[in-house]
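> There's a structure below that I have some questions on.
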Amino acid sequence: MKKELFMKSDLQREWVAKLAELKASIQGEAVENDRLSRFPRKTIQTLVDMGYTKLGLPKEYGGSGMTVSDMIMLQETLASYDGATALSIGWHQGVVGDLYEHRAWKQNLLDQFSIDVQNGALVNRAVSEAQTGSPTRGGRPQTIAISVDGGWEITGRKTFTSMSPVLTHLLVTAWVEEKNGVGTFLIKRSAAGISFDPTWDMVGMRSTESHDLVLEQVYVGDEQLVEFNTAPRTEKLNGWLLHIPACYLGIAQAARDYAVHFAAHYSPNSIQGTIATLPNVQAAIGQMELELIKARHILYSTAEAYDDHSRRAYMQQELGVAKVAVTNSAISIVDQAMRIVGAKSLEMSCPLQRYYRDVRAGLHNPPMDDMVISKLANLAIKEAERK
């Protein structure tokens, strides 16, 4: 079952077609970028020039008012061409969508930042640290913000800063001792004391260049403290994080397509016809289709519920469930695809080995499996206790 079954808006139809025109160039660039751990600068700049990165801005801010359902459709499409490109730009799309949906900042900052985005700005949140891990686990940032005359001085190091070669703006979390909480600071890349340590050396998502962000006494004005929480972890509902499972679903679709095409055309001399006629291969293909249908239904129905404010009020753990279920289905689909293709799937010239490495990264994007499962259990137990 194809994603087109879930296509509902003109924006989706328009941009799926636009992205399809880039398919060959994106796929061609992905092979060499993965080999060299090199960021897909050309593709990302093309997306910026096309206006893709301002889709999440509301129309009154110069964008297209993209919904979460729109976003996952486009991100899945992009990821089926190159997962690293999709995950990289997905962080920007998610930040912009979430920020303007909740109008989280003062009006003048929203106005100015929307102009920056229209002019090609790229943003990501810098929140993870080596000593605390994912912020979803509640660790207090070791990056600190010290009050100085007219603003703040920030010092620390952040890990997993995806899209680091081209980011123009960073949303950095830091512990604010004077306020006894976690502040988020909007910082331009050009600020004095900002640098990136090229630490990214992974087997998966190699092209995201998610290097360490280093902040050495970076001065920011008072107005750059754009968000503040009294606890390291917040429970705010954020449907824009569904760009994560959408990315891995796109990778799974690409793996499925490759394996089915291979099965339909590979004919060893030990059998009559192609391996697609073999019961075990058909069983594997059927299992891939089953996982794709399940994953796509849960992802798109969750996004649709989030976009409907009357239904969103009843959502508890659906966003986390969608991420866990879709990501694990994607991993299973890639595994089945490799079993169909056999040892050739491990050849460096075969894209399945890249899909295999990239899709595993989904386990380590938030929220993690154990956190979601633990919350589901606690909710069930509390409900039983109330009754």
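> Take region 24-55 and flag every residue that is of a type in the set (Ser, Thr, Tyr) and within 19 Å of Thr199 (Cβ to Cβ).
Within region 24-55, the subset of a type in the set (Ser, Thr, Tyr) is 25, 37, 43, 46, 52-53.
Of everything in region 24-55, just one residue is of a type in the set (Ser, Thr, Tyr) and within 19 Å of Thr199 (Cβ to Cβ), namely Ser37.
Conditions tested, residue by residue: (1) touching a helix residue (DSSP H, G or I) at 6+ places or on another chain (Cβ under 6 Å); (2) closer than 22 Å to Ile146 by Cα; (3) not assigned by TED's automatic domain parsing to the domain that holds Trp175.
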| site | (1), (2), (3) |
| --- | --- |
| Leu213 | no, yes, no |
| Leu225 | no, yes, no |
| Tyr248 | yes, no, yes |
| Ala255 | yes, no, yes |
| Tyr266 | yes, no, yes |
| Thr277 | no, no, yes |
| Glu289 | no, no, yes |
| Ala295 | yes, no, yes |
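> Can you name every one of the strands (runs of 3 or more DSSP E) wholly within region 183-266 that holds 2 or more residues which are under 19 Å from the mean Cα position of the chain (by Cα) and without any contact (Cβ under 8 Å) to a residue 24 or more places away in the chain? Spell out how you get there, then give the answer.
Details: elements: 194-197, 211-221, 225-229.
By residue number, no strands (runs of 3 or more DSSP E) qualify.
> Quick one: which of Ala380, Ala337 is over 20 Å from Ser88 (Cβ atoms) and surrounded by 15 or more Cβ atoms within 10 Å (Cβ to Cβ)?
Answer to the selection: Ala337.
> Now for a separate question. Only one of these is assigned to a helix (DSSP H, G or I) and either of a type in the set (A, V, I, L, M) or modelled with pLDDT under 95 (or both): Ile271, Ile298. Name it.
Ile298
> What do you reckon, is Gly133 under 29 Å from Arg206 (Cα atoms) and modelled with pLDDT of 95 or more?
For Gly133, the condition - under 29 Å from Arg206 (Cα atoms) and modelled with pLDDT of 95 or more - is not met.
> Based on this model, can you work out whether Ser162 counts as outside the structural domain of Pro351 (by TED's automatic domain parsing) and more than 30 Å from Met371 (Cα to Cα)?
no
> Follow-up. Among the residues of region 100-113 satisfying the criterion of being surrounded by 15 or more Cβ atoms within 10 Å (Cβ to Cβ) and in contact (Cβ under 8 Å) with a residue 60 or more places away in the chain, which is nearest to Val220 (Cα to Cα)?
Result: Leu109.
> Taking the criterion of being closer than 27 Å to Trp200 by Cβ and either surrounded by 19 or more Cβ atoms within 10 Å (Cβ to Cβ) or of a type outside the set (Phe, Trp, Tyr) (or both), would at least one residue in region 4-15 satisfy it?
no
> May I pose another question? Scan region 310-324 and tell me whether some residue there is of a type outside the set (Lys, Arg), in contact with a Phe, Trp or Tyr (Cβ under 6 Å, 6 or more places away or on another chain), in a helix (DSSP H, G or I) and under 23 Å from Leu78 (Cα atoms).
Keep residues of region 310-324 that are of a type outside the set (Lys, Arg), which gives 310, 313-322, 324.
Restricting the remaining residues to those that are in contact with a Phe, Trp or Tyr (Cβ under 6 Å, 6 or more places away or on another chain) gives none.
Looking for residues that are of a type outside the set (Lys, Arg), in contact with a Phe, Trp or Tyr (Cβ under 6 Å, 6 or more places away or on another chain), in a helix (DSSP H, G or I) and under 23 Å from Leu78 (Cα atoms), one finds none in region 310-324, hence no.
> With the requirement that a residue be more than 19 Å from Phe113 (Cβ to Cβ) and buried (at least 16 other Cβ atoms within 10 Å of the Cβ), what does region 47-67 give you?
Matches in region 47-67: Thr67 only.
> Applying the selection to region 206-222, what residues are loosely packed, with under 14 Cβ neighbours inside 10 Å and not polar (S, T, N, Q)?
Hits for region 206-222 are Glu216, Gly221, Asp222.
> So which of Arg296, Arg312, Arg386 ends up being of a type in the set (Lys, Arg) and either in contact with a strand residue (DSSP E or B) (Cβ under 7 Å, 6 or more places away or on another chain) or farther than 24 Å from Leu242 by Cα (or both)? Steps first, please.
On the way: Arg296 fails: either in contact with a strand residue (DSSP E or B) (Cβ under 7 Å, 6 or more places away or on another chain) or farther than 24 Å from Leu242 by Cα (or both); Arg312 fails: either in contact with a strand residue (DSSP E or B) (Cβ under 7 Å, 6 or more places away or on another chain) or farther than 24 Å from Leu242 by Cα (or both).
Just a single option satisfies the conditions, and that option is Arg386.
> Show me the helices (runs of 4 or more DSSP H) found entirely inside region 5-99 where at least 1 residues are at pLDDT 95 or above and closer than 30 Å to Phe185 by Cβ. Walk me through how you get there before you give the answer.
Values: elements: 10-20, 23-36, 41-50, 68-81.
Ranges flagged: 41-50, 68-81.
> Given the options Ala343, Ala303, name the one that is under 30 Å from Phe262 (Cβ atoms), assigned to a helix (DSSP H, G or I), modelled with pLDDT of 95 or more and not hydroxyl-bearing (Ser, Thr, Tyr). Quick ask: steps written out before the conclusion?
Details: Ala303 fails: under 30 Å from Phe262 (Cβ atoms).
Within the list Ala343, Ala303, the selection yields Ala343.
> Look through region 138-167, keep the residues that are within 18 Å of the chain's Cα centre (by Cα) and not in a strand (DSSP E or B), and return whichever of them is surrounded by the fewest Cβ atoms within 10 Å (Cβ to Cβ). First the steps, then the outcome.
Restricting attention to region 138-167, the residues satisfying the condition of being within 18 Å of the chain's Cα centre (by Cα) are 158-167.
Remaining after also requiring not in a strand (DSSP E or B): 162-167.
On the way: Ser162: 23, Met163: 24, Ser164: 25, Pro165: 16, Val166: 19, Leu167: 22.
Ranking the candidates gives Pro165 first.
The values are calculated or read from the model by the stated rules, or taken from the named source; none is laboratory data. Source: prediction; values computed, not measured. All Cβ positions, even for glycine, are placed from backbone atoms using ideal geometry, and neighbour counts span all protein chains on display.
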